[in-house]
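Report on one structure; see the data block that follows.
The values are calculated or read from the model by the stated rules, or taken from the named source; none is laboratory data. All values reported here derive from a predicted model rather than from experimental measurement. Cβ atoms come from the backbone with ideal geometry, glycine included; neighbour counts cover every protein chain shown.
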């Protein structure tokens with residue numbers, strides 16, 4: 001199957017990045033937001049992004065105009081009726097995603113592939129909500145999408161191999177490196193990353209070392225680009241806690257349980273960069 005028209009549900013941080021890389025790769029992209037105001041905000045954000053690339057000399061004006069001409073926004077899910085591939089990038093809510101996939105199943109053409117950008121929800125449950133479970137899979141991009149090269153291609157026990165092959169080739173076409181994984185909570189990266197981040201919080205909570213020294217130790221000792229607390233603040237402490245809770249619910253292993261300090265920081269509204277304060281303080 002040839003993918004030409006791509007739909008993206010959500011134009012927030014992740015969704016707008018997926019729209020950007022797909023449009024830059026030559027695909028016609030239509031994103032869906034909850035209302036007209038959010039559609040306009042999404043289009044404005046994308047326009048600013050491409051204008052910024054022109055200002056930095058990474059894109060010429062003609063290419064910018066061509067890419068923007070391939071992007072559209074709508075508040076109607078029904079407008080995705082002509083898409084060959086739809087990538088859902090909504091909030092991590094299993095019930096909401098299940099309902100959305102059931103709607104997409106009724107709206108999209110029979111050949112269309114339905115994908116989710118989830119990092120924690122059950123992809124098999126999304127497939128079961130449709131009459132085309134063989135055409136449902138996960139395409140987990142990483143933040144920030146335009147810069148991060150990895151996409152986890154997550155197949156369920158129902159996904160057709162031809163669909164996996166088509167989706168994997170599309171991932172390569174938009175300039176990313178695909179890795180194959182089964183549908184299991186948190187896939188590869190978060191299954192390994194989340195326990196590491198939680199252990200860092202436990203070490204700090206137990207008084208072993210300062211935030212700065214733990215971050216420096218992991219950067220210089222392991223060659224990581226940033227330490228665990230800098231990364232937690234970037235990802236968002238609420239997001240990290242949510243993913244940890246989903247993993248703990250699935251596997252019931254103590255290493256996935258959010259530490260008390262993380263819970264209290266989320267309750268206090270110290271969520272990281274997005275609120276100006278997490279483990280570190282951010283100004284400006």
Please work out which residue is nearest to residue 240 (Cα to Cα), limiting yourself to the range 250-272 and to residues that are assigned to a loop (DSSP other than H, G, I, E, B) and in contact (Cβ under 8 Å) with a residue 60 or more places away in the chain.
258
The condition from (1) assigned by TED's automatic domain parsing to the domain that holds residue 16; (2) assigned to a helix (DSSP H, G or I) that residue 157 misses is numbered (2)
Filter the range 223-239 for residues that are assigned to a loop (DSSP other than H, G, I, E, B) and over 13 Å from residue 199 (Cβ atoms); which is farthest from the chain's Cα centre (by Cα)?
223
Per the filter on the range 174-218, residues in contact with a helix residue (DSSP H, G or I) (Cβ under 9 Å, 6 or more places away or on another chain), over 26 Å from residue 246 (Cβ atoms) and surrounded by fewer than 15 Cβ atoms within 10 Å (Cβ to Cβ) are 175, 208, 209, 210, 212
Closer than 18 Å to residue 85 by Cβ and in a strand (DSSP E or B), is that true of residue 151?
yes
Somewhere in the range 60-71, is a residue assigned by TED's automatic domain parsing to the domain that holds residue 112, under 30 Å from residue 120 (Cβ atoms) and in contact (Cβ under 8 Å) with a residue 40 or more places away in the chain?
yes
Kindly indicate whether any position in the range 62-83 is surrounded by fewer than 21 Cβ atoms within 10 Å (Cβ to Cβ) and within 24 Å of residue 165 (Cβ to Cβ).
yes
Being under 18 Å from the mean Cα position of the chain (by Cα) and not assigned by TED's automatic domain parsing to the domain that holds residue 94 narrows it down to one of 242, 256, so name that one.
242
Filter the range 122-136 down to the residues that are within 21 Å of residue 256 (Cβ to Cβ) and either touching a residue at least 60 places away in the same chain (Cβ under 8 Å) or surrounded by 24 or more Cβ atoms within 10 Å (Cβ to Cβ) (or both) and list them by number.
122, 123
